[in-house]
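Everything below concerns the one structure shown next.
The values are calculated or read from the model by the stated rules, or taken from the named source; none is laboratory data. These numbers were taken from a predicted model, which means no experiment stands behind them. Here the Cβ positions follow ideal geometry from the backbone for every residue, glycine too, while neighbour counts run over all protein chains shown.
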Amino acid sequence: MDLRNLQIRITRPPSRPSDLELVEAPSPSLTNGSFLARALWLALDPFVCASESDTRDGAKPGDLVPAHGVGEVVESRHEVFGVGSLVVLDFGLQHLCVSDGQRARLLHPGQTPASSALGVLGVPGMAAYFGLLDLARLRPGETVLVSAAANAAGAMAGQIAMLKGARAIGIAGSREKCDWVTRHARLSACINHGSENVGARLKQLAPRGVDIYFDSTGGELLESVVAGRHLAPGARIVQNSVRPVDPEAIHAWGGYPPGKDAVQVLRVEPHDYEHRRGEFLRDAIAWHGAGRIAAKDDIVDGLVNAPAHLLLAMQGGNFGRPLVRI
């Protein structure tokens, strides 16, 4: 067995692939109560490396690039995670990972293919599910607007809205993405913010405003939706972002009145719902297995191709969930 541990580490705030370095690290050693896993799939999350990140968990020069992953246990001194088990855990961009099992879980048999555990049947899917159904209290007949609608969380949010009897409008960055959103994810409509006037299209598609805005992008797009007064009375904004905007700033952009019909600004934190993961998986696996949930992955093979793929995702050039197949 080849136990070289190849890793991707940050040399400086990434703006080009050379800012991420492929290194060979010593093989990790086991202690009692831990296990060693070999990576099968690694997910690339562009925000964890963003140079402007002000989060406590933001990766810094010298750090291993954070990554959620699916792996196979190859050695074990752990009572639960035995050799041959497939596990989902915070892996980092590397071939081998030692874990004490604290933030690991066994891959659910319904998470097929295994990569789905990093997308619509994983944390992005949980954000959409609980953000819409628990935080925003989605109701049938409402209109839901979804940014980054071709990405895992956005696509899941739009499809859940449709499954629950609501109307979903997506926003994406290219005609190809918008075509996928309407043809495969089957949202009611999709606005191409790269070539269309978002405000004008929203006035056509939702003249009375949207009831829920599930937002994974923030920035100018969020400000334009709010400042353009495209939110209906009593609307809810669900922020699915590592850098959420302060609610007071959002309210100031739109000048929406306070009171019982005030706009609510909410933030979804998937880890807060870890104790309800089973509830999410029950519904999401059934929908996925019945072909009612479409998923789009953007896959490269091999760790050597991860830096360029991560930079592409940081620039918004990915189409679907950015993944590395090892």
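Sort out which residues of region 75-106 are small (Gly, Ala, Ser), within 28 Å of the chain's Cα centre (by Cα) and surrounded by 14 or more Cβ atoms within 10 Å (Cβ to Cβ), and write them in order of number.
Residues satisfying the conditions are SER85, GLY92, SER99, GLY101, ALA104.
Only one residue in ILE171, ILE191, ILE160 is crowded, with 24+ Cβ neighbours inside 10 Å and more than 17 Å from ALA295 (Cα to Cα). Which one?
On the way: ILE171 fails: more than 17 Å from ALA295 (Cα to Cα); ILE160 fails: more than 17 Å from ALA295 (Cα to Cα).
Only one candidate passes the filter, namely ILE191.
Here are the criteria: (1) closer than 27 Å to ARG103 by Cβ; (2) outside the structural domain of LEU163 (by TED's automatic domain parsing); (3) out of contact with any Lys or Arg (no Cβ under 9 Å at 6 or more places or on another chain). Tell me which single one GLY316 does not satisfy.
With (1) closer than 27 Å to ARG103 by Cβ; (2) outside the structural domain of LEU163 (by TED's automatic domain parsing); (3) out of contact with any Lys or Arg (no Cβ under 9 Å at 6 or more places or on another chain) applied to GLY316, the lone miss is (1).
If ALA136 satisfies every condition in (1) touching a residue at least 60 places away in the same chain (Cβ under 8 Å); (2) of a type outside the set (Lys, Arg); (3) surrounded by fewer than 23 Cβ atoms within 10 Å (Cβ to Cβ) but one, which is the exception?
The number of the failed condition is (3).
Which of the residues that make up region 290-305 are farther than 21 Å from ALA148 by Cβ and either crowded, with 17+ Cβ neighbours inside 10 Å or not charged (D, E, K, R) (or both)?
Residues satisfying the conditions are ALA290, GLY291, GLY302, LEU303, VAL304, ASN305.
Looking at (1) farther than 25 Å from GLY125 by Cβ; (2) surrounded by 19 or more Cβ atoms within 10 Å (Cβ to Cβ); (3) not assigned by TED's automatic domain parsing to the domain that holds ARG139, which is the one condition that is false for HIS230?
(3)
For region 284-308, which positions are under 18 Å from the mean Cα position of the chain (by Cα) and closer than 22 Å to HIS184 by Cβ?
Of the residues in region 284-308, the ones under 18 Å from the mean Cα position of the chain (by Cα) are 284-285, 288, 293-300, 306.
Residues satisfying the conditions are ALA284, ILE285, HIS288, ILE293, ALA294, ALA295, LYS296, ASP297, ASP298, ILE299, VAL300.
What is the residue count in region 24-43 for residues that are modelled with pLDDT of 95 or more and in contact with a Leu (Cβ under 8 Å, 6 or more places away or on another chain)?
Looking only at that region, the number is 8.
Confirm whether GLY62 is at pLDDT below 95, out of contact with any Cys (no Cβ under 7 Å at 6 or more places or on another chain) and either among the small types (Gly, Ala, Ser) or in a strand (DSSP E or B) (or both).
It is true that GLY62 is at pLDDT below 95, out of contact with any Cys (no Cβ under 7 Å at 6 or more places or on another chain) and either among the small types (Gly, Ala, Ser) or in a strand (DSSP E or B) (or both).
When residues of region 246-288 are filtered for being modelled with pLDDT of 95 or more and of a type in the set (Gly, Ala, Ser), how many remain?
Total meeting the criteria: 3.
Residues to consider are ARG277, ARG201, ARG236; find the one that is over 25 Å from ASP179 (Cα atoms), surrounded by fewer than 20 Cβ atoms within 10 Å (Cβ to Cβ) and basic (Lys, Arg).
ARG277
Does ALA166 meet the test of being in contact (Cβ under 8 Å) with a residue 24 or more places away in the chain, within 16 Å of THR217 (Cβ to Cβ) and not assigned by TED's automatic domain parsing to the domain that holds LEU42?
No; evaluated as a whole, the condition is false for this residue.
Tally the residues that are free of Cβ contacts under 8 Å to residues at least 24 places away in the same chain and either in a helix (DSSP H, G or I) or of a type in the set (Gly, Ala, Ser) (or both), restricting the search to region 256-265.
Total satisfying the criteria: 1.
Give the residues of region 1-27 that are part of a loop (DSSP other than H, G, I, E, B) and either on the phi > 0 side of the Ramachandran plot or not charged (D, E, K, R) (or both), sorted by residue number.
The answer is MET1, LEU3, THR11, PRO13, PRO14, SER15, PRO26, SER27.
Select, from GLU248, GLU274, GLU279, GLU220, the only residue that is of a type in the set (Asp, Glu) and within 17 Å of ALA172 (Cα to Cα).
Result: GLU220 is the single residue among GLU248, GLU274, GLU279, GLU220 that is of a type in the set (Asp, Glu) and within 17 Å of ALA172 (Cα to Cα).
Could you list, in sequence order, all residues of region 271-307 that are assigned to a helix (DSSP H, G or I), without any contact (Cβ under 8 Å) to a residue 40 or more places away in the chain and either in contact with a strand residue (DSSP E or B) (Cβ under 6 Å, 6 or more places away or on another chain) or among the basic types (Lys, Arg) (or both)?
If the condition is that a residue be assigned to a helix (DSSP H, G or I), without any contact (Cβ under 8 Å) to a residue 40 or more places away in the chain and either in contact with a strand residue (DSSP E or B) (Cβ under 6 Å, 6 or more places away or on another chain) or among the basic types (Lys, Arg) (or both), then ARG282 is the only one that fits.
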